[in-house]
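Everything below concerns the one structure shown next.
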Amino acid sequence: MFRTTSRAVAATGLLLPLGLTAACSTGKESTTSVAPVTGKIAMTYLQKQGDQEYFIGEAEGARAKAAELGVDLKVVNLGNDANKTISEIQSAIAQKTNGLILVVPDPAVGPQVVQAARDAKVPLLTSDDQICATGPAPAACGKADLVPRIGFSGAHMGDAVGKRAAEEYRKAGWNPADTRIISAWKQDVTVCGDRVTAAKETFKAAVPDVQNLDVATDNTQTGAQDKIAATITANPTVKNWVVWGCNDENVQGGVTALQNAGVKADNVIGVGLGAYLACKNWSGDKPTGMKAALFINGKDVGTLAVQTMYDKLRNGKDMPAEAFAPIAMVDATTWKSSGVTCS
């Protein structure tokens, strides 16, 4: 899943202003209508993988905005525990939170989470990942049943990754017959699928003849490295590799697996998504297969999520179906000036 909104390195031309909405709220919201809160507002921000650099930044942005608005904010690290999601939601409701902001470890908990919020008449907003009110798979969910979300546009993100990968490919002058693309992501996470699909489409429009290999991972660096290592072993005649995925973990795992397999950095084009791991490759002077990464700033998402929930609770303003924070492509020459923090 990334830093400041005033980056001069936004060479992709894909910067979107904070608060830009992709769609309007539907009449069928994830929670019942509630009266505006007149006193002190309490919010709970529940995050998966709260020790990851991106989510640390997200929590920092949320806390800063909450302090600015005079909101009592509690941040909870869910790790990757779907069961903890339910228990912490119930705990927050019992503690009389006015609003719930959630990054789910597993979208399958969606219906249970939505029902708990509805029963308690507590507004629910997700950040980063989507959940559905009526089923475990957001990809199969009707738009009216998707919980409002703050995050990034998967289509814009994937488009930027595919565009940069195609530029690097043309610069390398590789032969399509000697090249394979590895697309690595957790395949039941809707936003991951959006990113990867857009990357594929953009790259194919520019470079139509390179074969793609889909690799299902758990979105962790170790998990991706293991899965991609097996894919490399199964394709011993491939000379050149393009790697992208849902996040930096997938791409870093792929770049490391290729390095361990003896593939030279000049034969690898990795385009990360997050930049918080990719930047480690650029801190020294060793050649690396990580050629670029899309920088997405968790602070921007946390800030926008708290502001959106505040507007709902204080003023009764409908939450947008989706609102997006800005993105920028960085590489070894621009990452420091962009404000990327290496984890």
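The values are calculated or read from the model by the stated rules, or taken from the named source; none is laboratory data. Just so it is clear, the model here is predicted, and its values are computed rather than measured. Cβ placement follows ideal geometry from the backbone for every residue including glycine, while neighbour counts extend to all protein chains displayed.
If only one of Arg164, Arg170, Arg149 is of a type in the set (D, E, K, R) and closer than 24 Å to Gly99 by Cα, which one is it?
Working: Arg164 fails: closer than 24 Å to Gly99 by Cα; Arg170 fails: closer than 24 Å to Gly99 by Cα.
Among Arg164, Arg170, Arg149, only Arg149 is of a type in the set (D, E, K, R) and closer than 24 Å to Gly99 by Cα.
Considering the stretch 317-343 alone, what residues qualify as being closer than 22 Å to Ile101 by Cα, out of contact with any Ser or Thr (no Cβ under 7 Å at 6 or more places or on another chain) and charged (D, E, K, R)?
Residue satisfying the conditions is Lys317 alone.
Condition first: assigned to a loop (DSSP other than H, G, I, E, B), of a type in the set (Gly, Ala, Ser) and buried (at least 23 other Cβ atoms within 10 Å of the Cβ). Now tell me which residues in the stretch 264-283 satisfy that. Please lay out each step first, then the result.
Taking the stretch 264-283 and keeping what is assigned to a loop (DSSP other than H, G, I, E, B), we get 264, 275-277, 283.
Now narrow it down to the ones that are of a type in the set (Gly, Ala, Ser): 275, 283.
Hit for the stretch 264-283 is Ala275, nothing else.
Taking the stretch 63-95, which residues are closer than 20 Å to Tyr310 by Cβ and of a type in the set (Val, Ile, Thr)? Break it down into steps so the answer makes sense when it comes.
First, the residues of the stretch 63-95 that are closer than 20 Å to Tyr310 by Cβ: 63-76, 89, 92-93, 95.
Residues satisfying the conditions are Val71, Val75, Val76, Ile89, Ile93.
So, in the stretch 284-309, exactly how many residues are at pLDDT below 90 and surrounded by fewer than 24 Cβ atoms within 10 Å (Cβ to Cβ)?
Residues meeting the conditions: 2.
Within the stretch 169-190, does at least one residue satisfy the condition of being part of a strand (DSSP E or B) and of a type in the set (Gly, Ala, Ser)? Write out each step before concluding.
Applying the first criterion (part of a strand (DSSP E or B)) to the stretch 169-190 yields 179-185.
Filter once more, keeping what is of a type in the set (Gly, Ala, Ser): 183-184.
For the stretch 169-190, residues part of a strand (DSSP E or B) and of a type in the set (Gly, Ala, Ser): present.
Collect the residues in the stretch 216-251 that are closer than 19 Å to Asp178 by Cα, crowded, with 24+ Cβ neighbours inside 10 Å and either under 16 Å from the mean Cα position of the chain (by Cα) or among the β-branched types (Val, Ile, Thr) (or both), keeping them in residue-number order.
Quick first cut of the stretch 216-251, residues closer than 19 Å to Asp178 by Cα only: 228-244.
Still in the list and also crowded, with 24+ Cβ neighbours inside 10 Å: 228, 241-244.
Selection gives Ile228, Val242, Val243, Trp244.
How do the strands (runs of 3 or more DSSP E) wholly within the stretch 34-112 filter down when requiring 2 or more residues that are touching a helix residue (DSSP H, G or I) at 6+ places or on another chain (Cβ under 9 Å) and β-branched (Val, Ile, Thr): which remain? Spell out how you get there, then give the answer.
Numbers: elements: 42-48, 72-79, 99-102.
Result: 72-79.
Mind checking which pairs have a first residue in the stretch 308-322 that is at negative phi and a second that is among the acidic types (Asp, Glu) and in a helix (DSSP H, G or I), Cβ under 7 Å, 6 or more apart or different chains?
If the second residue must be among the acidic types (Asp, Glu) and in a helix (DSSP H, G or I), the pairs left are Lys317/Asp311.
Can you pull out the residues in the stretch 182-215 that are of a type in the set (D, E, K, R) and surrounded by 15 or more Cβ atoms within 10 Å (Cβ to Cβ)?
To start, the set of residues in the stretch 182-215 that are of a type in the set (D, E, K, R) comprises 186, 188, 194-195, 200-201, 204, 209, 214.
Lys186, Asp188, Asp194, Arg195, Lys200, Lys204 - these are the residues of the stretch 182-215 that are of a type in the set (D, E, K, R) and surrounded by 15 or more Cβ atoms within 10 Å (Cβ to Cβ).
Can you tell me which residues in the stretch 289-331 are in a strand (DSSP E or B), of a type in the set (Gly, Ala, Ser) and in contact with a Leu (Cβ under 9 Å, 6 or more places away or on another chain)?
Narrowing the stretch 289-331 to residues in a strand (DSSP E or B): 290-296, 322-324, 327-330.
If we keep only those that are of a type in the set (Gly, Ala, Ser) too, we end up with 292-293, 323, 328.
Passing the criteria: Ala293, Ala323, Ala328.
If you check Lys96, Lys143, Lys65, Lys121, which single one turns out to be touching a Ser or Thr at 6+ places or on another chain (Cβ under 8 Å), over 25 Å from Asn247 (Cα atoms) and surrounded by fewer than 18 Cβ atoms within 10 Å (Cβ to Cβ)?
Working: Lys96 fails: touching a Ser or Thr at 6+ places or on another chain (Cβ under 8 Å); Lys143 fails: over 25 Å from Asn247 (Cα atoms); Lys65 fails: surrounded by fewer than 18 Cβ atoms within 10 Å (Cβ to Cβ).
Criteria check complete, one pass: Lys121.
Residues to consider are Asp129, Asp159; find the one that is surrounded by 15 or more Cβ atoms within 10 Å (Cβ to Cβ) and at pLDDT 95 or above. Talk me through it step by step, then tell me what you get.
Working: Asp129 fails: at pLDDT 95 or above.
Sole residue among the options that is surrounded by 15 or more Cβ atoms within 10 Å (Cβ to Cβ) and at pLDDT 95 or above: Asp159.
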